[in-house]
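J.: Here it is: the structure, laid out below.
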Amino acid sequence: MISYVALIRGINVGGRNSLPMKDLKQLLERLDCSEVRTYIQSGNVVFRSSAPSARICQDIANSIEVNVGFRPHVVVLQESEFKRTIADNPFPEGESNPKALHFGFLEFVPSSPQLQELEALKVPSEKFALVGRVFYLFAPKGVGRSKIAAKSEKLLGVPMTDRNGNTISKILSILEEMNSQTLKKQ
């Protein structure tokens, strides 16, 4: 069994696309995922499965569409990919200000990202980097004020779901807790 992280975009936001985490957990269990754990109401899921990530990603999106009535953008990462994303963070100063550090998980690597246009939107305190399928943004004055945050998906040309450093840390701790409990059972 492989440990996975699923990041589901646009659920339970502003009263739209309602999907209680209890229902999401049951949905994944029906897809033969085990040890399913969710974090907050915004579509963060840790689980185990023997299926490949691409199939799980499609199955989750299809199942939500069929059972709930909308099709969300879903990114599924193996535990090793998720941990590599954290290790590859180019802005270590964000670790002391995790609310200002954002990880944008892309559906695929952009073929022609408009990085110069993003650079033109940047204020002096902001930093960004595109590393494979992850768009890192450090916005210490707030992501809500950042023009880069507002335009990044459009200028990268790839669907993206974003999580801040606090959420990333919590997901990592859930993964580690799940692994610890598995070791205790052996």
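The values are calculated or read from the model by the stated rules, or taken from the named source; none is laboratory data. Quick caveat, the model's predicted, so the values are computed rather than measured. Every residue, glycine as well, gets a Cβ built from its backbone with ideal geometry; the counts of neighbours run over all protein chains shown. We work out accessible area using only protein heavy atoms, side chains counted, and drop any ligands, DNA or RNA first. Shrake-Rupley method; radii C 1.70, N 1.55, O 1.52, S 1.80 Å.
J.: Can you tell me which condition residue 80 does not meet? The list is (1) without any contact (Cβ under 8 Å) to a residue 12 or more places away in the chain; (2) within 22 Å of residue 20 (Cβ to Cβ), and all the others hold.
T.: (2)
J.: Report, by residue number, each residue of region 3-34 that is part of a strand (DSSP E or B) and either open to solvent by 60 Å² or more (accessible area, probe 1.4 Å) or closer than 14 Å to residue 172 by Cα (or both).
T.: Scanning region 3-34 gives 3, 4, 5, 6, 7, 13, 16.
J.: Got a sec? Which of 74, 143, 109, 158 is of a type outside the set (Lys, Arg), touching an Asp or Glu at 6+ places or on another chain (Cβ under 7 Å) and touching a residue at least 12 places away in the same chain (Cβ under 8 Å)?
T.: Step by step, each of 74, 143, 109, 158 is checked, and only 158 is of a type outside the set (Lys, Arg), touching an Asp or Glu at 6+ places or on another chain (Cβ under 7 Å) and touching a residue at least 12 places away in the same chain (Cβ under 8 Å).
J.: Output the number of the condition that residue 117 fails; it satisfies all remaining conditions of (1) closer than 19 Å to residue 160 by Cα; (2) modelled with pLDDT under 95; (3) not polar (S, T, N, Q).
T.: All conditions are met except number (2).
J.: If residue 146 satisfies every condition in (1) surrounded by 17 or more Cβ atoms within 10 Å (Cβ to Cβ); (2) touching a helix residue (DSSP H, G or I) at 6+ places or on another chain (Cβ under 9 Å); (3) within 28 Å of residue 2 (Cα to Cα); (4) of a type outside the set (A, V, I, L, M, F, W, C) but one, which is the exception?
T.: Checking residue 146 against (1) surrounded by 17 or more Cβ atoms within 10 Å (Cβ to Cβ); (2) touching a helix residue (DSSP H, G or I) at 6+ places or on another chain (Cβ under 9 Å); (3) within 28 Å of residue 2 (Cα to Cα); (4) of a type outside the set (A, V, I, L, M, F, W, C), the one that fails is (3).
J.: For residues that are not small (Gly, Ala, Ser) and not in a strand (DSSP E or B), scanning just region 119-138, find the one that is surrounded by the fewest Cβ atoms within 10 Å (Cβ to Cβ).
T.: Let us first name the residues in region 119-138 that are not small (Gly, Ala, Ser), namely 119, 121-124, 126-128, 130-131, 133-138.
Imposing the further condition that a residue be not in a strand (DSSP E or B) reduces the set to 119, 121-124, 126, 133.
Details: 119: 11, 121: 16, 122: 15, 123: 12, 124: 6, 126: 21, 133: 18.
My answer is 124.
J.: Got at least one residue in region 159-181 being part of a loop (DSSP other than H, G, I, E, B), in contact with a Leu (Cβ under 8 Å, 6 or more places away or on another chain) and open to solvent by less than 20 Å² (accessible area, probe 1.4 Å)?
T.: No, that holds for no residue.
J.: Right, next: Looking only at region 87-102, which residues are crowded, with 21+ Cβ neighbours inside 10 Å and in contact with a Leu (Cβ under 8 Å, 6 or more places away or on another chain)? Step through it out loud before you land on a result.
T.: Residues of region 87-102 crowded, with 21+ Cβ neighbours inside 10 Å: 94, 100-102.
Those that are crowded, with 21+ Cβ neighbours inside 10 Å and in contact with a Leu (Cβ under 8 Å, 6 or more places away or on another chain): 94, 101, 102.
J.: From the list 84, 37, 48, pick out the single residue that is surrounded by 13 or more Cβ atoms within 10 Å (Cβ to Cβ) and in contact with a helix residue (DSSP H, G or I) (Cβ under 6 Å, 6 or more places away or on another chain).
T.: Sole residue among the options that is surrounded by 13 or more Cβ atoms within 10 Å (Cβ to Cβ) and in contact with a helix residue (DSSP H, G or I) (Cβ under 6 Å, 6 or more places away or on another chain): 37.
J.: Counting just the residues of region 58-69 that are hydrophobic (A, V, I, L, M, F, W, C) and either open to solvent by 30 Å² or more (accessible area, probe 1.4 Å) or in a strand (DSSP E or B) (or both), which one comes out modelled with the lowest pLDDT?
T.: Filtering region 58-69 down to residues hydrophobic (A, V, I, L, M, F, W, C) leaves 60-61, 64, 66, 68.
Imposing the further condition that a residue be either open to solvent by 30 Å² or more (accessible area, probe 1.4 Å) or in a strand (DSSP E or B) (or both) reduces the set to 66, 68.
On the way: 66: 94, 68: 89.
Looking at residues that are hydrophobic (A, V, I, L, M, F, W, C) and either open to solvent by 30 Å² or more (accessible area, probe 1.4 Å) or in a strand (DSSP E or B) (or both), I get 68.
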